């Protein structure tokens, strides 16, 4: 089996988008975290997946509402991506966000995203130290002319 450090180096070489996954907790306060594992699964029906660490503070919120919002961050939002990757409790202070049309998804970060997808949680699959969340996309939009941010080798572009 590959050494964990070598595995990280290999996987860090694959560029990915940067997504802030959001949901509302049982207190209806916003929760969120930065993920780099997010992708389309199926066109019919429209499914997307995200991978989330089992120790995430956002996971109970996703389970509470039965869904999440995947905010695909716009280029230049590195500070937000780093903040959402922490365990601080005031992540949403001074952020502009709105609620999705349904009660299923989390906050939509309109000013900071190139696109977003609101997903109803369809399946949760255990995979090592993460959960794979598969969601049915029920709402979404993209902003014309806004470039998405990418992450590779521990750096943003």
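The values are calculated or read from the model by the stated rules, or taken from the named source; none is laboratory data. Not measured: the values here are computed from a predicted model. Methodologically, a virtual Cβ is constructed for each residue, glycine included, from the backbone with ideal geometry; neighbour enumeration extends over all protein chains shown.
Figures for the structure shown
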item: Residue, surrounded by the most Cβ atoms within 10 Å (Cβ to Cβ), within segment 1-26, restricted to residues that are more than 23 Å from residue 79 (Cα to Cα) and within 20 Å of the chain's Cα centre (by Cα); result: 25
item: Residue 72 vs. criteria more than 18 Å from residue 122 (Cα to Cα), in contact with a strand residue (DSSP E or B) (Cβ under 6 Å, 6 or more places away or on another chain) and not in a loop (DSSP other than H, G, I, E, B); result: yes
item: Residue identified as under 12 Å from the mean Cα position of the chain (by Cα) and closer than 17 Å to residue 89 by Cβ among 33, 49; result: 33
item: Residues of segment 124-138 that turn out to be in a strand (DSSP E or B) and over 16 Å from the mean Cα position of the chain (by Cα), as a count; result: 3
item: Qualifying residue in segment 113-127 (condition: under 19 Å from residue 17 (Cα atoms) and either surrounded by fewer than 22 Cβ atoms within 10 Å (Cβ to Cβ) or at pLDDT below 95 (or both)); result: yes
item: Those residues of segment 84-111 which are at pLDDT 95 or above, closer than 20 Å to residue 16 by Cβ and more than 13 Å from the chain's Cα centre (by Cα), in sequence order; result: none
item: Single unsatisfied condition, residue 77 versus (1) farther than 16 Å from residue 36 by Cα; (2) touching a residue at least 60 places away in the same chain (Cβ under 8 Å); (3) crowded, with 22+ Cβ neighbours inside 10 Å; result: (1)
item: Among the candidates 48, 114, 94, residue that is farther than 20 Å from residue 11 by Cα and free of Cβ contacts under 8 Å to residues at least 24 places away in the same chain; result: 94
item: Residue 141 vs. criteria surrounded by fewer than 16 Cβ atoms within 10 Å (Cβ to Cβ), in contact with a strand residue (DSSP E or B) (Cβ under 7 Å, 6 or more places away or on another chain) and assigned to a strand (DSSP E or B); result: yes
